[in-house]
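The values are calculated or read from the model by the stated rules, or taken from the named source; none is laboratory data. Quantities reported herein were computed from a predicted structural model and do not represent experimental measurements. For neighbour counting, all protein chains shown are included, and Cβ atoms are generated from backbone atoms with ideal geometry for every residue, glycine included. Remember, those area values only see protein heavy atoms, side chains included, never the ligands or the DNA or RNA. Shrake-Rupley method; radii C 1.70, N 1.55, O 1.52, S 1.80 Å.
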Amino acid sequence: MKFVSFVLSHASTCFILAIVVLISSFVLFVAGVSVNIIVFTAIIEVLGTLAALAIDWTRKKRFFGDLEACTSEVDHPLWMTEMVERPEYLEGAIIYDALGAIAHAANDDVAEYRRQVADYREYIETWVHEAKSPLAAAHLMVDNLRAEPLADAAAEKVESIDEELKRVEGYIDQVLFYARSEAFDRDYLIRAYSLADLVAAALRANASTLIGAHVAPVLGTLDFEVFTDEKWVEFILGQIIQNSVKYARSEEPRIEFSARLVDVGSADERAELTVSDNGCGVSAADLPRVFDKGFTGENGRTGKRSTGIGLYLVKRLCDKMGVGVAASSQPGEGFVITLTFSRNKFRFVDRGGHSSEVTQ
């Protein structure tokens, strides 16, 4: 807090004191007091006012200076009272106590909110595991029906039921990964993986979906090692695959995986994994919003049963893992997702305030 700013904040007080000085000088002049004495008296009044302001500024500058610094330097405003000493003068003490009361109430609210979120997340995870039990039983029933001789129409219905069960299972997995993403540091392990192995695992997990939609995967150069988490990347790739299948063209649909290295030999060396399809693509107006939560776009509103959650989860999880993600498209020609993985394992140490385990 600068002295000039402090004086300007007391402009009304200074204006009143100036009026008082002028009035007192006029009274002395009318009373016949000499000009020298009037000037001397006015100087004393002005100096006294400045001295009073200087003393007041000296008392307050440390407290308000610390508050001003905390507004830009402290990570969280609720910690402000921990970084500032309680002043001795009345106004500062009142402000400090008020800030302390606000911080205490806010901390209590935050703690209660976190408890509720933790309870809700625990319930969701429990519900997901419980919901998978009847799904597993339903899959077993479908397998038993397949083993019996069925008419063509009945066999088609069984296959349709199995596809719908898998769709439900996919949505349940989305719920589970969404809930876990809130406490990402609990389930996060960075290791070195081959992009080819990660893509192969995602293709195996979504093989029935690809086969059912007659989408042919095309694999390019993928022999690059990256540092990431296997389970989360497999889910991310699965969401991208399912999105491509959902908007696949009717004739010769395909999805292609290829990778390349960027900035080789530098600390920023990274691998770019491109997943592209030849589906209906995304319009230029919809492209900037494809990662928004709940956004389905023009294609999603034409009977594709889109939820707008898949690509939102892709962006959310990529941001938490430090994986770059970008989308591009040409309407009618296809949709492209590019994932950028760092090849520098030291970038994952103390990420987000937590030390992520990094192993070879």
Notebook entry, point to check: Of the residues Ala51, Ala147, which single one is closer than 30 Å to Phe29 by Cβ and loosely packed, with under 12 Cβ neighbours inside 10 Å?
Noted result: Ala51
Notebook entry, point to check: Pick from the stretch 306-321 the residues that are of a type in the set (Gly, Ala, Ser) and farther than 13 Å from Gly238 by Cα: which of them is surrounded by the fewest Cβ atoms within 10 Å (Cβ to Cβ)?
Noted result: Gly308
Next item on the list: Scan (1) modelled with pLDDT of 80 or more; (2) open to solvent by 100 Å² or more (accessible area, probe 1.4 Å) for the single condition Glu85 breaks and write down its number.
Entry: (1)
Next item on the list: Search the stretch 261-292 for residues being out of contact with any Leu (no Cβ under 9 Å at 6 or more places or on another chain) and charged (D, E, K, R), and hand back the single one that is surrounded by the fewest Cβ atoms within 10 Å (Cβ to Cβ).
Entry: Asp263
Margin query: Considering only the stretch 167-187, I want to know if a residue exists there that is more than 21 Å from Gly310 (Cβ to Cβ), open to solvent by 60 Å² or more (accessible area, probe 1.4 Å), at pLDDT 80 or above and out of contact with any Phe, Trp or Tyr (no Cβ under 7 Å at 6 or more places or on another chain).
Written below: no
Next item on the list: Mind listing whichever residues of the stretch 96-122 are touching a residue at least 12 places away in the same chain (Cβ under 8 Å), surrounded by 14 or more Cβ atoms within 10 Å (Cβ to Cβ) and over 30 Å from Val175 (Cβ atoms)?
Entry: Tyr96, Leu99, Gly100, Ala103
Notebook entry, point to check: Which of the residues spanning the stretch 234-249 are open to solvent by 30 Å² or more (accessible area, probe 1.4 Å) and under 11 Å from Leu203 (Cβ atoms)?
Noted result: Glu234
Item checked: Filter result for Ala213 (of a type outside the set (S, T, N, Q), at pLDDT below 90 and over 19 Å from Val262 (Cα atoms)) -> yes
Next item on the list: Quick one: in the stretch 215-233, of everything that is out of contact with any Phe, Trp or Tyr (no Cβ under 8 Å at 6 or more places or on another chain) and not in a strand (DSSP E or B), which residue is least open to solvent (accessible area, probe 1.4 Å)?
Entry: Val215
Margin query: Anything in the stretch 81-138 that is under 30 Å from Ile161 (Cα atoms) and among the aliphatic types (A, V, I, L, M)? List them, or say none.
Written below: Ile124, Val128, Ala131, Leu135, Ala136, Ala137, Ala138
Notebook entry, point to check: For the stretch 87-100, does any single residue satisfy the condition of being in contact with an Asp or Glu (Cβ under 9 Å, 6 or more places away or on another chain) and either among the hydroxyl-bearing types (Ser, Thr, Tyr) or over 23 Å from His10 (Cα atoms) (or both)?
Noted result: yes
